[in-house]
1. Quick check on this structure: which one of Glu176, Glu247 is among the charged types (D, E, K, R), touching a helix residue (DSSP H, G or I) at 6+ places or on another chain (Cβ under 7 Å) and either on the phi > 0 side of the Ramachandran plot or surrounded by fewer than 19 Cβ atoms within 10 Å (Cβ to Cβ) (or both)?
2. Pull up region 115-126, narrow it to residues that are under 11 Å from the mean Cα position of the chain (by Cα) and outside any strand (DSSP E or B), then point me to the one that is surrounded by the most Cβ atoms within 10 Å (Cβ to Cβ).
3. For Gln144, work out the one condition from (1) among the polar types (S, T, N, Q); (2) under 30 Å from Tyr207 (Cα atoms); (3) buried (at least 23 other Cβ atoms within 10 Å of the Cβ); (4) under 16 Å from the mean Cα position of the chain (by Cα) it doesn't fulfil.
4. Restricting to region 74-108, count the residues that are surrounded by fewer than 18 Cβ atoms within 10 Å (Cβ to Cβ), of a type in the set (Asp, Glu) and either modelled with pLDDT of 60 or more or touching a strand residue (DSSP E or B) at 6+ places or on another chain (Cβ under 9 Å) (or both).
5. Within region 201-213, is there a residue that is within 18 Å of Val118 (Cα to Cα), surrounded by fewer than 19 Cβ atoms within 10 Å (Cβ to Cβ) and either free of Cβ contacts under 8 Å to residues at least 60 places away in the same chain or charged (D, E, K, R) (or both)?
6. Given the residues Tyr204, Tyr271, which is the only one that is aromatic (Phe, Trp, Tyr) and closer than 21 Å to Val39 by Cβ?
7. For Ile111, all conditions in the list (1) part of a loop (DSSP other than H, G, I, E, B); (2) of a type outside the set (S, T, N, Q); (3) surrounded by 13 or more Cβ atoms within 10 Å (Cβ to Cβ); (4) at pLDDT below 80 hold save one; what is the number of the exception?
8. From Val17, Val39, grab the single residue that is at pLDDT 50 or above and of a type in the set (Val, Ile, Thr).
Amino acid sequence: MTLRHEGINAGLHLCPVRHMIDDLEVVSEIEDHVYELFVERFVPERDLGMIQRKHGTISLTVADTDLNITQSLSLLNSGTESSTTGAMAWKVSPLFSEWLLAHTKLFSNPIDHNTIVVEMGAGVSGVVACTVGPKVGRYTATDQKHILKLLKTNIEQNVDSAQATDKIRAEEFDWEYCEDMIDNIEGIEGVGERGLVIACDTIYNEYLIPHFVRALKLVLQKMGPGAQALVAQQLRSEDIMEGVLLELNKAECIIRNVPDHLLSQGLVEGYAVHHIQIGH
């Protein structure tokens, strides 16, 4: 069954054309920051934030791009926690894609055909890969091995075949074994300011937090000085959000919050986006 998903194109907050990083808020008091996020933005969510958990195929329009996404109901119902999260399309992904594509010239380095992107925890849907991928120079969507087959299928079905082959790749990158798998991600060494890491709603339990942060830092280090990451999360658990930010701080990363006036209305209502760089 195909479900037409509407309402992603929420109005964006307007801001002057300048480098967005100048307006980001450096996070120093993590506990206070997380408390304020949940007080000001938390929205109770059914289905944990999945777009539609009952249908194997859904249709989305994201940034004027029509997508037909195949989900894996078998993985969702398998009872394996690691499989469940990657099996479905999550609401944050289209919201984040639209926001990012509307702000391509507001970062310290524009997001364009020179940008090299690595997405961590892409899931089977490939929503961000299918919408942001064609706009950049190289896009590598990564996840665990059992996710890749359907992820590749969704990319092939929703992106021009030449672009899907030449620009957008899907590769295995298991955070627990990131040192052994970092070489799976080609074309990122020394890209510096052109490097961008994306992670959308990838953390759902405390066990994953140190592995995620270690893997994220490893990719940023390989990209080199000036590389940046954008981590988008639904506001579900204060403990998980706080744990992620504390671990990033422990890893000597600079954490910046994207404030309300620089987010879309859709992201303000229930989500947070943090900009991450390795400290010097």
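The values are calculated or read from the model by the stated rules, or taken from the named source; none is laboratory data. Remember, predicted model here, so these are calculated numbers, not experimental data. Note that we place each Cβ from the backbone using ideal geometry, even for glycine, and neighbour counts take in every protein chain shown.
1. Sole residue among the options that is among the charged types (D, E, K, R), touching a helix residue (DSSP H, G or I) at 6+ places or on another chain (Cβ under 7 Å) and either on the phi > 0 side of the Ramachandran plot or surrounded by fewer than 19 Cβ atoms within 10 Å (Cβ to Cβ) (or both): Glu176.
2. The residue in question is Gly126.
3. (3)
4. Qualifying residue count, region 74-108: 0.
5. Checked region 201-213: at least one residue is within 18 Å of Val118 (Cα to Cα), surrounded by fewer than 19 Cβ atoms within 10 Å (Cβ to Cβ) and either free of Cβ contacts under 8 Å to residues at least 60 places away in the same chain or charged (D, E, K, R) (or both).
6. Tyr271
7. Condition (4) is where Ile111 drops out.
8. After applying the criteria, what remains is Val39.
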